[in-house]
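A short worksheet on the structure shown next.
The values are calculated or read from the model by the stated rules, or taken from the named source; none is laboratory data. From a predicted model like this one, the values you see are computed outputs, not experimental measurements. Don't worry about glycine lacking a Cβ; one is built from the backbone with ideal geometry, like all the others, and counts go over all protein chains shown. Note: areas computed on protein heavy atoms with side chains; ligands, DNA, RNA excluded. Shrake-Rupley method; radii C 1.70, N 1.55, O 1.52, S 1.80 Å.
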Amino acid sequence: MDKTVKDPSHAHHVSPTHDHRCAGLVPLFSELPQNDQDFIDSQLHHRIFEMGDQVFMPGDELKLLIVARGSMKVYRMSRSGREQLLRVQKPGGYEGEAWLLGQPNDSLYGQALETTEVCLLSHSAFHKVLLEQPLLSVRLLELNAAKLVSLEQLNGFLGMDRVEERLATYLLDIAKASGSLRFSLPIRMKELAHLLGTTPETLSRKLKVLEDDGLIARRRREIQILNQDELEDI
């Protein structure tokens with residue numbers, strides 16, 4: 001039986017038969033004919049994780065992880081033991097392309113932010129898929145290149161001197177990704193503070209300044225951008 005993590009208490013349910021079709025959620029597979037997607041789905045195992053459960057960690061068996069429902073935060077630990085949030089994977093999001101190609105995971109952790117279903121494709125099953133679908137290798141290279149660009153943007157983001165600038169950029173990015181000036185923050189304030197390289201207290205103060213200046217309206221994690229131009233000028 002396929003194992004998700006070294007500690008078996010993390011995996012709550014194994015679902016050999018399931019309703020979700022994970023292959024179609026992933027850009028890597030979504031353009032394949034349906035019969036090929038069905039073949040990939042037949043190679044997947046499913047796990048249910050509850051909020052706070054560890055989905056993966058350094059040293060786990062190499063596999064591709066696809067979020068079918070729920071959400072999972074992906075982070076690493078700093079040398080001082082501080083959690084550094086990298087991204088939040090929602091349905092269709094995935095991790096582990098490099099691991100399937102033999103690269104070890106020596107720094108990344110995944111944790112469920114809510115009840116989350118994850119589809120798992122093992123190293124051996126993935127190689128079986130690639131042998132039958134060689135064009136997937138090309139797609140994989142393209143998507144890895146896109147992720148590298150995203151990582152470079154993150155590095156530049158953290159290089160911004162002022163917390164206000166990081167916060168404004170983050171809010172504008174979320175608005176762009178959601179296609180709306182009204183959105184809900186995808187992570188808790190503490191996690192957002194870590195992402196921005198500041199403290200929750202400082203983050204709360206900076207959000208209050210944006211509110212007082214009429215740039216945003218906020219109710220808990222619900223945000224509405226009221227003055228996009230001024231926010232871009234910060």
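Key figures for this structure:
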read-out	value
Gap separating the Cα centres of the range 165-228 and the range 51-85, nearest whole Å	24
Solvent-accessible area of D106 with every protein chain in place, 1.4 Å probe, in Å² to the nearest 10	120
Spacing of the two label points (7 Å from each Cα toward its C-beta) at D106 and K208, in nm	4.4
For R162, solvent-accessible area (1.4 Å; no DNA, RNA or ligand), Å²	110
Area accessible to solvent at S178, 1.4 Å probe radius, in Å²	70
Nearest-0.05 FRET efficiency for Q34 and S124, computed from C-beta distance (R0 41 Å)	0.95
Approximate spin-label separation R76-S137, in nm, with each point projected 7 Å along Cα-to-Cβ	2.8
Extension reserve of the E165-R220 stretch, reckoned as 0.36 nm per residue once the Cα distance is removed	17.7 nm
